[in-house]
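Undergrad: Sending over a structure as structure tokens; questions will come in a sec.
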Amino acid sequence: MNAIWGEDYDFLMDKIYPCPVCPKCEEPIGKMKDGLYHCFSCGGVVEVDDPEIKEWFAEREGQKVEMEDCFPSEVKLKNGETVKMGCGGKKCMETHYIKNPVSKEWQTAWGECTRCGRRFIV
């Protein structure tokens, strides 16, 4: 199965954009840890032979990690109890960034504090 062009929606940019999709279910595909392209919906392996599709992925590949401060916060539960989260440590939050598929600019994806274990996902 060879990838075809389709569309997806980016909620951060509030924009529909063209992207490579699975020919079987027409859902977006992506490169996984095994180095192969898989459909995010059906899980099938999809071949990427088209030079334009290869270029599309190349422009959006990559990931970067930055160490940032772990911000402390408080969450008030329904029962009125307050739970403190985050340690407030300096340069201990490992923040991962990926490229936005529309703008190709770096955007925050997820992170974890190396001191207190606080995690987040966007």
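Undergrad: Testing Lys84 on (1) of a type outside the set (Gly, Ala, Ser); (2) part of a strand (DSSP E or B); (3) at pLDDT below 95; (4) under 15 Å from the mean Cα position of the chain (by Cα), one condition comes back false. Which one is that?
TA: Failed condition: (4).
Undergrad: Quick check on my filter: what residues within the range 101-115 are assigned to a loop (DSSP other than H, G, I, E, B) and surrounded by fewer than 16 Cβ atoms within 10 Å (Cβ to Cβ)?
TA: Within the range 101-115, Ser103, Lys104, Glu105, Thr114, Arg115 qualify.
Undergrad: Further question: Of all residues in the range 55-66, which are over 16 Å from the mean Cα position of the chain (by Cα) and either at positive phi or loosely packed, with under 13 Cβ neighbours inside 10 Å (or both)?
TA: The one that is over 16 Å from the mean Cα position of the chain (by Cα) and either at positive phi or loosely packed, with under 13 Cβ neighbours inside 10 Å (or both): Glu55.
Undergrad: Could you tell me which residue of the range 8-54 is surrounded by the fewest Cβ atoms within 10 Å (Cβ to Cβ), considering only residues that are under 25 Å from Val122 (Cβ atoms) and basic (Lys, Arg)?
TA: Once the filter is applied, the top-ranked residue is Lys33.
Undergrad: Could you pull out the residue among Glu61, Glu47 that is more than 24 Å from His96 (Cβ to Cβ) and charged (D, E, K, R)?
TA: Only one candidate passes the filter, namely Glu47.
Undergrad: Inspect all residues belonging to the range 79-98 and state whether any of them is small (Gly, Ala, Ser) and in contact with a Pro (Cβ under 8 Å, 6 or more places away or on another chain).
TA: Looking for residues that are small (Gly, Ala, Ser) and in contact with a Pro (Cβ under 8 Å, 6 or more places away or on another chain), one finds at least one in the range 79-98, hence yes.
Undergrad: On the given criteria, is Glu94 outside the structural domain of Glu47 (by TED's automatic domain parsing), without any contact (Cβ under 8 Å) to a residue 60 or more places away in the chain, of a type outside the set (Ser, Thr, Tyr) and touching a strand residue (DSSP E or B) at 6+ places or on another chain (Cβ under 7 Å)?
TA: yes
Undergrad: How many residues does the range 63-81 hold that are touching a Lys or Arg at 6+ places or on another chain (Cβ under 6 Å) and at pLDDT below 95?
TA: Selection size over the range 63-81: 1.
The values are calculated or read from the model by the stated rules, or taken from the named source; none is laboratory data. Since we're looking at a predicted model, the values are computed, not measured. Positions of Cβ are generated from backbone atoms using ideal geometry, with glycine treated the same way; all protein chains shown enter the neighbour counts.
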